[in-house]
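*Asks:* Handing you a structure now.
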Amino acid sequence: MKRIFRAGPPHCRSLLVVLGAFIAPSVATAMDTEREEINTFIEELATDEGFDRAYLEATLDNAEMQQGIIDAMMRPAEKTLTWAEYRAIFMTDKRIGAGVKFHGEHQEKLEQIAADTGVPVSMVLGIIGVESFFGRITGKHRVVDALATLGFDYPPRSKFFRSELGHVFRLAREEDMDILELTGSYAGAMGPPQFMPSSYRAYAVDGDGDGKRDLLNSWDDVMASVANYFVAHKWQSGQPVAELATLKDDAAEPPLNESLKLKSTVGELSAAGVLFQTELAADSKAGLWQLEGEEGDEYWVGFDNLYVITRYNRSVMYALAAWQLGDAIVRAAENP
């Protein structure tokens, strides 16, 4: 039988709280715009994008390097927690209850978006619930501080975050925002959907018809933009996400996925002794992951839509948590 997950015991910390709000205070250091790499960044934006050099220099002079941001980046929950611990952050009565309330307040719009895009209500709810507890936890770091810190003082991913810093300058210009007033997570993600600046520019849509793409203040824009992100990454309407599996007693070493990309098919997994329910054809792509659950190892078979969710956050645990949370909210709303 298909295993149905129920809400676990109340848990008081969301992912952002765990990683951000309780970071020990650290001394912030002003950015030195005389540094070669910062000068080069300013030069490129001014020359290639037409930004005013004085504006760029003044903004980055105002930015601060924060060691706490680097510390948080070095210990993401997906790499330090087991699946059982990670899931417990989100699958709580409190978060599910907040989702049911949100669903009741926005049901008409959610259903319209689902009809228009094929992205189910549950998936939109799951993402917003995991990312920000329905807007309760969106981060308090200035985005320019987060991205400048990681772009210039975090070598492992400096190229990515420096690019995002360029995107937030472009975003602020395009959407007429005060860049120094933008706040978000320690990684520079913004608003209830926690879009990075590049994703904001690429996938945000005007959901309320006011001519603006406002992911900070408009729930209609937030919900429509989350769905649009999934459409852009090829969500398959009506198709499954994942199934809990078991192994035959005489099964050989299971063909586990070592990356997020699906490396097997439904038929290959079945032939290898992996037992799971699906109506998908034998040649449909699939992947198998082994995760540490509450009662020991769990085997999860994921399909194309699971891979799509990992485009939002590169983690199978994240994808499963968002999917399960959204499903739990819809079931609770339908059976009060």
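The values are calculated or read from the model by the stated rules, or taken from the named source; none is laboratory data. Here the structure is a predicted model, which is why all the values come from computation and not from measurement. Quick reminder, even Gly has a Cβ in these numbers, built from the backbone with ideal geometry, and neighbours come from all protein chains shown.
*Asks:* When you go through VAL231, VAL226, VAL241 one by one, which is the residue that is in contact (Cβ under 8 Å) with a residue 24 or more places away in the chain and in contact with a Pro (Cβ under 6 Å, 6 or more places away or on another chain)?
*Replies:* Within the list VAL231, VAL226, VAL241, the selection yields VAL226.
*Asks:* Another one. Please enumerate the residues belonging to segment 70-128 that are more than 25 Å from TRP235 (Cβ to Cβ), of a type outside the set (Ser, Thr, Tyr) and assigned to a loop (DSSP other than H, G, I, E, B).
*Replies:* Correct list: MET74, ARG75, LEU81.
*Asks:* How many residues are small (Gly, Ala, Ser) and farther than 19 Å from LEU110 by Cβ if we restrict to segment 202-217?
*Replies:* 2
*Asks:* Which ones in segment 124-178 are buried (at least 21 other Cβ atoms within 10 Å of the Cβ), within 30 Å of GLN107 (Cβ to Cβ) and touching a Ser or Thr at 6+ places or on another chain (Cβ under 8 Å)?
*Replies:* Of everything in segment 124-178, those that are buried (at least 21 other Cβ atoms within 10 Å of the Cβ), within 30 Å of GLN107 (Cβ to Cβ) and touching a Ser or Thr at 6+ places or on another chain (Cβ under 8 Å) turn out to be SER132, PHE133, GLY139.
*Asks:* Got a number for residues in segment 129-146 being touching a Gly at 6+ places or on another chain (Cβ under 8 Å), over 18 Å from TYR312 (Cα atoms), part of a loop (DSSP other than H, G, I, E, B) and at pLDDT 95 or above?
*Replies:* 0
*Asks:* Does GLN277 satisfy the condition of being in contact with a Lys or Arg (Cβ under 7 Å, 6 or more places away or on another chain), part of a loop (DSSP other than H, G, I, E, B) and either buried (at least 18 other Cβ atoms within 10 Å of the Cβ) or in contact (Cβ under 8 Å) with a residue 40 or more places away in the chain (or both)?
*Replies:* In short, yes.
*Asks:* Output the residues belonging to segment 248-274 that are among the aliphatic types (A, V, I, L, M), in contact (Cβ under 8 Å) with a residue 24 or more places away in the chain and surrounded by fewer than 17 Cβ atoms within 10 Å (Cβ to Cβ).
*Replies:* LEU256
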